[in-house]
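A.B. asks: Following this message is one structure expressed as structure tokens.
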Amino acid sequence: MSTAVPSLAEVIAALDRWYPPSTAESWDAVGLTCGDPAEPAGRILLAVDCVPAVVDEAVSMGAGLLITHHPLLLSGVHGVPADDAKGSMVHRMIRAGVAHFAAHTNADIARGGVSEALAGLFSLAEVTPLVPSARASLDQLSVYAPRAAVPSLIDALTAAGAGEVGNYDRCTFTVDGTGTFRPLPGADPAIGDVGTVTSVAETRLSMVLPRAVRSRVLAAMYAAHPYEEVAFELTEQPPLPSDLGTGRIGRLAAPLPLREFTQLVAQRLPRTVWGVRAAGEPDQPVQLVAVCGGSGGGYAEAARAAGADVYLTADLKHHSTVETVTERTGTVSSYAGRPMALIDAAHWATEAPWLPVLAGRLSEEFSERLTIGVSELVTDPWTLHQPSGSAEPSSAAD
Ligand SMILES: [Zn+2]
């Protein structure tokens with residue numbers, strides 16, 4: 001293994017493999033905000049938000065790369081002047097040699113992503129996506145080639161995007177057999193003669209490919225195959241359930257009263273001034289738990305439809321919360337007759353658990369070639385919390 005400090009490009013290649021930018025929502029703005037991919041990454045700081053205090057932290061630790069969950073420039077901009085709030089952060093980072101990279105909705109849905117990290121705090125069993133993403137459609141290509149041509153054919157098909165299955169590439173299956181053909185007048189056979197039945201030791205080589213790269217893979221097959229006419233089969237795989245998706249749902253080992261589960265959530269999430277709050281009957285038992293890092297209010301109905309006893313997310317709104325915890329909708333036996341409880345936590349606190357997971361992956365991938373820090377700053381914007389009617393404020397200084 002190389003001992004050189006990895007370039008930004010190498011680190012970004014790993015991030016893009018774990019959190020493919022193609023899986024981000026169309027409105028999202030993920031990837032590099034500023035920075036030169038050819039520069040060394042060296043020190044990396046991980047944070048949820050790119051705000052001035054986090055930029056200061058990155059600069060003072062001498063970071064070459066700041067990775068945040070939230071994009072800095074999510075809304076379209078036509079410039080980054082230094083007298084603009086966001087522009088000044090971009091200037092500060094560029095001057096200090098800090099690159100900025102965001103992995104947002106692509107990190108939300110991923111394996112090892114934000115919602116999976118949140119679910120991981122509660123030792124849930126049988127964790128699956130709450131709203132599975134449609135898996136990219138796959139084709140399967142089987143091509144027949146003389147045995148000696150198979151290695152270079154695999155190289156060419158791999159380079160065109162075939163043979164990737166999860167964290168594996170160059171995935172192939174081969175079967176040896178015999179191919180026969182008779183070249184007709186006008187043919188220019190690579191093997192055999194016109195008018196003569198020819199028998200060749202051939203291999204049937206099978207690889208999967210994303211349907212989106214079908215044309216490229218077929219072009220690579222034709223270019224790399226020695227025959228004038230190429231025999232192949234191409235089949236479309238049906239859509240499959242995906243293990244990527246929004247939110248996660250899983251089961252506690254034993255049911256807990258909502259009151260105790262809320263305490264557990266407060267203990268396991270990183271500390272914020274206002275902690276967590278729950279909506280629902282405090283003594284109602286909860287076992288099937290749905291979670292979604294960030295603003296997951298829009299998926300409450302999916303959680304209820306999945307039979308969740310409780311749904312933990314952030315930024316919940318009054319009307320939908322009232323409806324969820326009071327209206328006994330549906331006829332599915334698992335949730336008919338008992339409303340689902342809701343737990344509302346600080347947006348930052350539901351996403352911060354991903355940072356140590358990402359730090360672990362980067363350490364494993366690059367070992368001691370990188371220094372990785374997780375920001376200690378709490379960028380939840382709420383700095384005071386006071387229950388109505390109480391006299392003593394609590395604050396960030398507590
Ligand atoms: Zn968020």
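A.B. asks: Using DSSP to define loop residues, name the GluC sites (Glu not before Pro) in segment 138-237 whose beta-carbon has at most 15 other beta-carbon atoms within 10 Å. Working shown, then result.
C.D. replies: On the way: sites: Glu164, Glu202, Glu228, Glu229, Glu233, Glu236; in loops: Glu164, Glu228, Glu229.
Qualifying residues, ordered by number: Glu228, Glu229.
A.B. asks: Which loop-located GluC sites (Glu not before Pro) does segment 357-386 contain, where loop means any DSSP state but H, G, I, E or B and the Cβ has at most 11 other Cβ atoms within 10 Å? Spell out each step's value before the answer.
C.D. replies: Numbers: sites: Glu364, Glu365, Glu368, Glu376; in loops: Glu376.
Answer by residue number: Glu376.
A.B. asks: Still on this structure, please answer the following. Would you compute, from DSSP H runs of 4+ residues alone, the mean residue ellipticity of the chain at 222 nm, taking -39500 (n - 2.57) per run and dividing by the full residue count, rounded to the nearest 500?
C.D. replies: Values: 12 runs with 107 residues, N = 398.
Only helices count here, giving -7500 deg cm²/dmol.
A.B. asks: Determine, for Ile12, Ile109, the number of other Cβ atoms within 10 Å of each Cβ, and report the residues in order from fewest to most.
C.D. replies: Working: Ile12 22, Ile109 26.
Fewest to most other Cβ atoms nearby, the residues stand as Ile12, Ile109.
A.B. asks: Can I ask one more? Give me the percent of DSSP beta bridges within the chain that run antiparallel, rounded to the nearest 5. It would help to have the intermediate numbers written out before the result.
C.D. replies: Working: 45 of 66 bridges.
Bridges in the chain are about 70 percent antiparallel.
A.B. asks: Computed from the mean reciprocal separation of all distinct C-alpha pairs, what Kirkwood hydrodynamic radius does the chain have, in Å?
C.D. replies: Values: mean 1/r = 0.0407 Å⁻¹.
Every distinct Cα pair counted, the radius reaches 24.5 Å.
A.B. asks: Let me know the volume per residue of the alpha-carbon convex hull for segment 138-236, in Å³.
C.D. replies: Numbers: hull volume 9.0 nm³, N = 99.
In segment 138-236, the Cα hull volume divided by residue count equals 91 Å³.
A.B. asks: Can you work out ³J(HN,Hα) from phi for every residue in segment 143-149, in order, using Karplus 6.51 cos²θ - 1.76 cosθ + 1.60 and θ = phi - 60°, giving whole Hz and x for Gly and Pro?
C.D. replies: Values per residue, Gly and Pro as x: 10, 9, 8, x, 4, 5, 8 Hz.
A.B. asks: Amide H to amide H under 5 Å from Thr33: which residues, 5+ apart in sequence or cross-chain, H placed 1.01 Å off N in plane?
C.D. replies: Close amide H contacts, sequence-distant or interchain: His100, Phe101, Ala102.
A.B. asks: In whole Hz, what ³J(HN,Hα) sequence does segment 76-89 give by Karplus (6.51, -1.76, 1.60; θ = phi - 60°), x for Gly and Pro?
C.D. replies: Coupling constants for segment 76-89: x, 10, 10, x, 10, x, 5, 9, 9, 4, 6, x, 5, 5 Hz.
A.B. asks: What ranking do Trp27, Trp348, Trp18 get, fewest neighbouring Cβ atoms within 10 angstrom at the top?
C.D. replies: Working: Trp27 8, Trp348 24, Trp18 18.
Least to most surrounded, the residues fall as Trp27, Trp18, Trp348.
Every read-out reported here was derived from the displayed coordinates using simple, explicitly stated rules and does not represent laboratory data. All values reported here derive from a predicted model rather than from experimental measurement. Virtual Cβ from ideal backbone geometry, glycine too; neighbours counted across all protein chains shown.
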